[in-house]
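Below you'll find the structure, written out as structure tokens, and then a few comments.
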Amino acid sequence: QPRQTATAEQPPQPSPSQDAIGRQPARKRVVSDFDFGRTLGEGSYSTVVEATERATGRVYAAKILDKRHIIKEKKIKYVNIERDILQALHHPFVVRLHYAFQDSQSLYFILDLAPNGELLAWIRKLGGLAEACARFYLAEIITAVEYMHAERTLHRDIKPENILLGSNMHILVTDFGTAKMFKKDEPDQRAYSFVGTAEYVSPELLTDKAADCNSDLWAIGCIAFQLLTGRPPFKGSNEYQTFQKVLKLDYAFPPGVPPHARDLVERILVLDPASRLGSTQRGGLRELRAHPFFRGLEWHGLPAQTPPPMA
Ligand SMILES: O=C(O)[C@@H]1CCC(=O)N(CCc2ccc(Cl)cc2)[C@H]1c1ccccc1Cl
């Protein structure tokens with residue numbers, strides 16, 4: 001590519017390998033580009049540690065997976081799915097994958113750091129959020145899931161442990177290892193290969209193993225209940241007992257839940273997926289925005305709003 005000679009009128013054009021303002025292209029990162037620090041969390045197939053990029057001082061969360069363990073547990077497919085979906089999703093409420101690399105032992109996902117931890121910890125600490133907080137964070141969760149569904153992606157394991165809080169106290173949805181991204185022309189937009197976490201699993205997944213957008217909607221209903229009361233609606237002494245409660249819609253509100261909030265949960269936690277408020281058959285999650293519980297909430301521009309103080 002002969003460099004064009006700069007003339008008075010024609011400033012030097014950056015060569016194709018340089019981006020617009022002449023910066024170096026994004027070089028493939030390697031392990032030695034980072035200093036790894038304290039452990040932030042342990043998953044069944046991964047460890048998340050703080051990672052500082054030496055060249056810039058930027059601090060990230062590094063999700064490190066042991067290759068031998070992944071192979072032994074036959075999870076290679078899930079790792080590739082997580083990588084592809086993280087790479088494809090770009091939204092302020094979805095954790096961002098900055099770099100992905102590997103060495104002989106491990107795979108590394110360099111992700112946004114979420115300094116304020118899991119939403120679950122806040123719910124437990126406060127015993128449930130004040131109505132204004134519950135409204136705001138439920139709206140952010142609905143916004144994030146609506147974006148994923150628009151990208152033909154089912155999360156399939158939405159729960160307060162997978163909803164992190166950034167330094168600005170906005171949400172960052174994480175853990176896409178069990179998500180499913182459909183191709184544009186895929187006729188059957190249902191997934192048959194995975195069961196989520198017992199407290200948030202939908203009845204249709206337990207009966208006919210099929211999960212779709214309405215199953216993520218069910219999880220939103222469970223999270224709404226938990227944001228308001230401090231506990232998930234369906235909780236048995238073991239997984240089987242929890243499944244029984246889900247299938248029988250066996251849950252009850254404690255006293256003190258505002259009527260509009262209760263009504264919203266009751267309209268989502270419906271056994272028939274198509275009849276749920278916000279179901280794909282009823283036009284999708286946007287239907288939730290019109291519910292009286294959200295009266296007064298400005299849905300547009302949530303990422304730019306200041307979250308209400310966590311209480
Ligand atoms: O998708 C990519 O960017 C590459 C493509 C080339 C490649 O080899 N990998 C790793 C594939 C892989 C997945 C699981 C195990 Cl146990 C080993 C290798 C992919 C990869 C690299 C780093 C981190 C994750 C992944 Cl999936």
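The values are calculated or read from the model by the stated rules, or taken from the named source; none is laboratory data. Keep in mind it's a predicted model, so treat the numbers as computed, not measured. When we count neighbours, we look across all protein chains shown, and the Cβ atoms used for this are built from the backbone with ideal geometry, even at glycine. Accessible surface is based on the protein model in full, side chains and every heavy atom, while ligands, DNA and RNA are left aside. Shrake-Rupley method; radii C 1.70, N 1.55, O 1.52, S 1.80 Å.
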Being more than 22 Å from the chain's Cα centre (by Cα), assigned to a loop (DSSP other than H, G, I, E, B) and surrounded by 17 or more Cβ atoms within 10 Å (Cβ to Cβ) is the filter here, so list the residues in the range 270-311 that pass it. 270
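So if I check each of 150, 139, which one is away from the ligand (no atom under 16 Å from the Cβ) and in contact (Cβ under 8 Å) with a residue 60 or more places away in the chain?
139
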Any idea which of (1) assigned to a loop (DSSP other than H, G, I, E, B); (2) modelled with pLDDT of 95 or more is the one residue 245 doesn't satisfy? (1)
For the range 158-196, which residues satisfy the criterion of being touching a residue at least 60 places away in the same chain (Cβ under 8 Å), farther than 17 Å from residue 92 by Cα and in a strand (DSSP E or B)? 180, 181
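On the given criteria, is residue 236 free of Cβ contacts under 8 Å to residues at least 60 places away in the same chain and loosely packed, with under 13 Cβ neighbours inside 10 Å?
Considered against the rule, which asks whether it is free of Cβ contacts under 8 Å to residues at least 60 places away in the same chain and loosely packed, with under 13 Cβ neighbours inside 10 Å, residue 236 comes out as no.
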Residue 101: passes all of (1) assigned to a helix (DSSP H, G or I); (2) within 16 Å of the ligand (Cβ to nearest atom) but (1)
Under the condition of being open to solvent by 30 Å² or more (accessible area, probe 1.4 Å) and in a helix (DSSP H, G or I), which residue from the range 106-142 is nearest to residue 277 (Cα to Cα)? 135
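The rows are residues; the columns are (1) under 16 Å from residue 130 (Cβ atoms); (2) open to solvent by 40 Å² or more (accessible area, probe 1.4 Å); (3) out of contact with any Pro (no Cβ under 6 Å at 6 or more places or on another chain).
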site: 226; (1), (2), (3): yes, no, no
site: 241; (1), (2), (3): no, yes, yes
site: 256; (1), (2), (3): yes, yes, yes
site: 265; (1), (2), (3): no, no, yes
Please work out which residue is farthest from residue 158 (Cα to Cα), limiting yourself to the range 197-224 and to residues that are touching a residue at least 12 places away in the same chain (Cβ under 8 Å) and surrounded by fewer than 21 Cβ atoms within 10 Å (Cβ to Cβ). 207
Neighbours by Cβ (under 6 Å, 6+ apart or cross-chain): first from the range 300-311, modelled with pLDDT under 95; second among the aliphatic types (A, V, I, L, M) and not in a helix (DSSP H, G or I): 311/130
